[in-house]
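For reference, the structure discussed in these notes is given below.
FYI, it's all coordinate maths here, none of it is from the lab. Just so it is clear, the structure is predicted and the values come from calculations on it, not from any experiment. Heads up, the Cβs are rebuilt from the backbone with ideal geometry, glycines too, and the neighbour counts pull from every protein chain shown.
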């Protein structure tokens with residue numbers, strides 16, 4: 001059994017973020033439903049102590065729900081006492097099946113990237129998780145220098 005990573009241990013690169021998702025969401029078996037998990041990283045790489053699952057995710061991207069992520073990001077930034085640009089929104093799509101991207105995963109990835117990253121200008125990343133392992137769908141654009 002894996003132990004949950006402590007949020008005060010910094011995540012400093014894409015490999016560490018992939019590993020963090022693998023340990024955060026490790027289950028005893030494959031998930032039965034589709035979910036999108038959200039968490040945030042501060043500038044120093046530590047995690048905000050918040051992990052939000054978005055349940056009952058449809059197979060096709062829900063552009064309205066994705067558009068609401070900017071509002072949620074702003075609320076988390078305000079609660080942390082920082083500007084939205086000072087937080088990285090890390091997301092992980094969990095669903096049944098192997099952790100190899102499917103056309104449906106690519107559609108979610110493209111929609112999230114175009115709405116959250118491009119339109120709303122939020123620093124974000126997206127991983128895919130199958131209950132056992134994680135793989136990046138799109139990485140963080142740049143990591144702060146430590």
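What to note about this one:
- Length added when fully stretched, residue 110-residue 63, from 0.36 nm per residue minus Cα-Cα: 15.8 nm
- Remark: the residue 118-residue 145 segment gains 7.4 nm on full extension, using 0.36 nm per residue and subtracting the alpha carbon distance.
- Bridge orientation summary for the chain: considering DSSP beta bridges with both residues in this region, about 70 percent are antiparallel.
- In this label model, residue 32 and residue 50 are separated by 3.0 nm, measuring between points 7 Å along each Cα→Cβ vector.
- Percent RCO, i.e. relative contact order, over the chain, from Cα pairs under 8 Å lying at least 6 residues apart: 30 percent
- Residues 6, 88 arranged by fewest to most Cβ contacts within 10 Å: 6, 88
- Under a Gaussian network description of the chain, with springs only between Cα atoms under 10 Å, the residue in 43, 22, 68 that fluctuates furthest is 68.
- 80, 56 arranged by Cβ crowding within 10 Å, fewest neighbours leading: 56, 80
- For the stretch 14-138, taking Cα atoms only, Rg and Dmax work out to 13.6, 39 Å respectively.
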